[in-house]
Amino acid sequence: MRRYFEDATPLVQILFSGFIVVVVFLIIFLLGLLSGLLFFDVNVLELPALMNDLQSPGSLMILKYFQMVQAIGLFVVPPFVIAVLLSSEPLRYLSLEKKPKAWSVLLAILFMIVAIPAINMLAAWNAQMELPESLAGVEAWMKRSEESAAVLMEAFLRADTIGVLLLNIFMIAILPGIGEELLFRGVLQPQLSALARSKTAGLFLAAFLFSAMHLQFYGFLPRFLLGLIFGYMLLWSGSLWLPVLAHFVNNVIAVIFYFYAGKSDINISELEELGASSEAYIYVLLSFVISAVLLWQFKKSTQNNTSYG
């Protein structure tokens, strides 16, 4: 089987990978569902009501459990299965074999911190998007979807103990940082590059799918930009560990900020609004310039590495 799919066309490999993702997700979700029902001692008929109650700690824990099951089943496990079936060197196939340089690691972390105001400004512009009157129904659905996602994420981020904070870091920063990068950069980006016969085209397609997957249309542009940055980090360095690290840093900043904001007088929206206000253009400009310099230095530090493909 490996020999057949390893020598198959890029389109066949992409379709086969999609099939593997669906099958593995269904298996892990069903196992997770059965385990969850036993662990939380609830009836399957009670789940819809419990999962709509975001104020109850018990209901929120069940939601977090299924969120983690979904991340593991959809993003973390399938790429390894795909790599084993498509390559005799799975770690190399996923670009996990190469150890990144310490200087590249530091640059990736600094970039994600410095880029916050510029990304927030892009998010603010994206949030002002308006569709034509003929698509008013679609726009209303998009806004409802965005509001529901924001309410759920705010409930997930609430934490009043170190234990809940650590759980949130695992659920919101570690699992997505590893899983989403494994699937979108480790598997899809090289496959789409082979299909398009262009590493740049494959990178842009993977970033587009990465952003579209979140189904948060008023945050599409900043996620697309992040997808491009993660993609170029992989392309330049040949190591998936760097985009994994950058993705983790991007998510963990929000988790930690929300935790400390909840224990002080800090307004939770301050981090999201950093650089998004009309008076903050100087911070956005500095963020953009310094981020560009850090990204340029990152590329220089990895220019002798061999990328995938």
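The values are calculated or read from the model by the stated rules, or taken from the named source; none is laboratory data. Every value quoted in this text rests on a predicted model; they were computed, and no experiment measured them. Every residue, glycine as well, gets a Cβ built from its backbone with ideal geometry; the counts of neighbours run over all protein chains shown. These accessible areas exclude ligands, DNA and RNA; they are computed on the full protein's heavy atoms, side chains included. Shrake-Rupley method; radii C 1.70, N 1.55, O 1.52, S 1.80 Å.
The table below gives the values:
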read-out: Which numbered condition Ile169 fails, given (1) touching a residue at least 12 places away in the same chain (Cβ under 8 Å); (2) farther than 30 Å from Thr302 by Cβ; value: (2)
read-out: Unique match (being touching a residue at least 40 places away in the same chain (Cβ under 8 Å), crowded, with 20+ Cβ neighbours inside 10 Å and outside any helix (DSSP H, G or I)) among Ser88, Ser104, Ser95; value: Ser95
read-out: Complete set of residues in segment 195-208 that are assigned to a helix (DSSP H, G or I) and open to solvent by less than 50 Å² (accessible area, probe 1.4 Å); value: Ala196, Ala201, Gly202, Leu203, Ala206, Ala207
read-out: Candidate set: segment 1-57, residues that are closer than 26 Å to Leu195 by Cβ and at pLDDT below 70; chosen: the one most open to solvent (accessible area, probe 1.4 Å); value: Arg3
read-out: Options Glu97, Glu139: the member that is out of contact with any strand residue (DSSP E or B) (no Cβ under 8 Å at 6 or more places or on another chain), over 26 Å from Trp241 (Cα atoms) and among the acidic types (Asp, Glu); value: Glu139
read-out: Failed item, numbered, when Ser237 is tested on (1) within 15 Å of Phe184 (Cβ to Cβ); (2) more than 11 Å from the chain's Cα centre (by Cα); value: (1)
read-out: The one condition in (1) over 23 Å from Leu188 (Cβ atoms); (2) polar (S, T, N, Q); (3) open to solvent by 30 Å² or more (accessible area, probe 1.4 Å) that Gln70 fails to fulfil; value: (1)
read-out: Residue within segment 73-84 that is assigned to a loop (DSSP other than H, G, I, E, B), modelled with pLDDT of 95 or more, in contact with a helix residue (DSSP H, G or I) (Cβ under 9 Å, 6 or more places away or on another chain) and more than 24 Å from Arg158 (Cα to Cα) present; value: no
read-out: Some residue of segment 31-50 being acidic (Asp, Glu) and within 30 Å of Trp236 (Cβ to Cβ); value: no
read-out: Search result, residues across segment 121-167 that are among the small types (Gly, Ala, Ser) and surrounded by 13 or more Cβ atoms within 10 Å (Cβ to Cβ); value: Ala123, Ala124, Ala127, Ser145, Ala149, Ala150, Ala155, Ala159
read-out: Ile113 being open to solvent by 60 Å² or more (accessible area, probe 1.4 Å), at pLDDT 90 or above, under 21 Å from the mean Cα position of the chain (by Cα) and farther than 30 Å from Leu11 by Cα; value: yes
